Amino acid sequence: MTLERIRSAYGWLLEAIVIVLMVALAVEVSVGIVFRAIGMALSWYDEIAVILLAWLTFYGSALAALKRAHIGFPGLVNSLSPRWRLPLTIGAKALVVAFLALLGWIGYSVLDVLATDYLISLPEVSVAWTQSVIPISCALFIVAELLNLPAMVRAARGYGEPGASDLAERLH
């Protein structure tokens with residue numbers, strides 16, 4: 001299986017997760033509004049909506065990373081000489097992966113502390129389970145960054161893909 005096919009399948013998986021979370025959030029909020037309107041407000045509505053929104057944000061960020069949709073400065077990198085583009089691109093990716101690894105590790109470490117805490121409105125649901133989104137999404141984000149690395153290296157070398165320099169376009 002080629003890297004592009006793996007990247008595409010991974011993107012499909014992340015999109016499916018994000019769609020499921022969006023639908024769940026929309027349904028949950030709609031149900032909450034209906035019940036509130038008929039005078040039978042659900043005690044768990046707000047807390048679950050906040051958790052679903054957080055999950056959607058974290059998993060959506062991994063999807064955005066895969067699609068290279070986060071804020072970046074490709075013009076700045078492309079304006080550098082080819083000699084500096086590659087080391088800066090690899091250095092930037094290394095910093096992002098290191099930060100996400102640290103965040104994921106700390107997020108995972110905190111789960112033990114939260115193991116005895118439960119949601120207020122749904123005492124059978126562990127806070128650790130709701131916060132597991134942090135280490136899981138960090139791992140997903142790292143995979144997305146690593147899947148994008150070959151294309152980013154090609155671009156830094158001036159061989160097309162994201163933000164390729166004018167020089168690369170003239171060479172082809």
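Miscellaneous remarks
- Filter result for GLY72 (small (Gly, Ala, Ser), assigned to a loop (DSSP other than H, G, I, E, B) and on the phi < 0 side of the Ramachandran plot): yes
- Among (1) closer than 29 Å to ARG5 by Cβ; (2) surrounded by 15 or more Cβ atoms within 10 Å (Cβ to Cβ); (3) among the aromatic types (Phe, Trp, Tyr), the one test that PHE99 misses: (2)
- Any hit, the range 127-145, residues being within 20 Å of LEU66 (Cα to Cα), assigned to a helix (DSSP H, G or I), in contact with a Ser or Thr (Cβ under 8 Å, 6 or more places away or on another chain) and in contact (Cβ under 8 Å) with a residue 24 or more places away in the chain: yes
- Tabulated pairs, the range 46-57, first farther than 14 Å from VAL23 by Cβ, second β-branched (Val, Ile, Thr), C-beta under 7 angstrom, 6+ apart or interchain: GLU47/ILE120; ILE51/THR130; ALA54/VAL133
Residues are listed down the side, and each one gets a yes or a no for (1) over 19 Å from ILE142 (Cβ atoms); (2) assigned to a helix (DSSP H, G or I):
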site	(1), (2)
ARG5	yes, yes
ARG68	no, no
ARG83	yes, yes
ILE90	no, yes
VAL97	no, yes
TRP105	no, yes
TYR108	no, yes
VAL113	yes, yes
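- Taken over the range 73-91, residues that are modelled with pLDDT of 90 or more and either among the small types (Gly, Ala, Ser) or surrounded by fewer than 11 Cβ atoms within 10 Å (Cβ to Cβ) (or both) amount to 1.
- Scan the range 74-111 for residues that are polar (S, T, N, Q) and without any contact (Cβ under 8 Å) to a residue 60 or more places away in the chain and the total you get is 3.
- Test: residue in the range 36-44 that is part of a helix (DSSP H, G or I) and either touching a residue at least 60 places away in the same chain (Cβ under 8 Å) or surrounded by 16 or more Cβ atoms within 10 Å (Cβ to Cβ) (or both): no
The values are calculated or read from the model by the stated rules, or taken from the named source; none is laboratory data. Keep in mind that what you see is a predicted model, and the values were worked out from it rather than measured. When we count neighbours, we look across all protein chains shown, and the Cβ atoms used for this are built from the backbone with ideal geometry, even at glycine.
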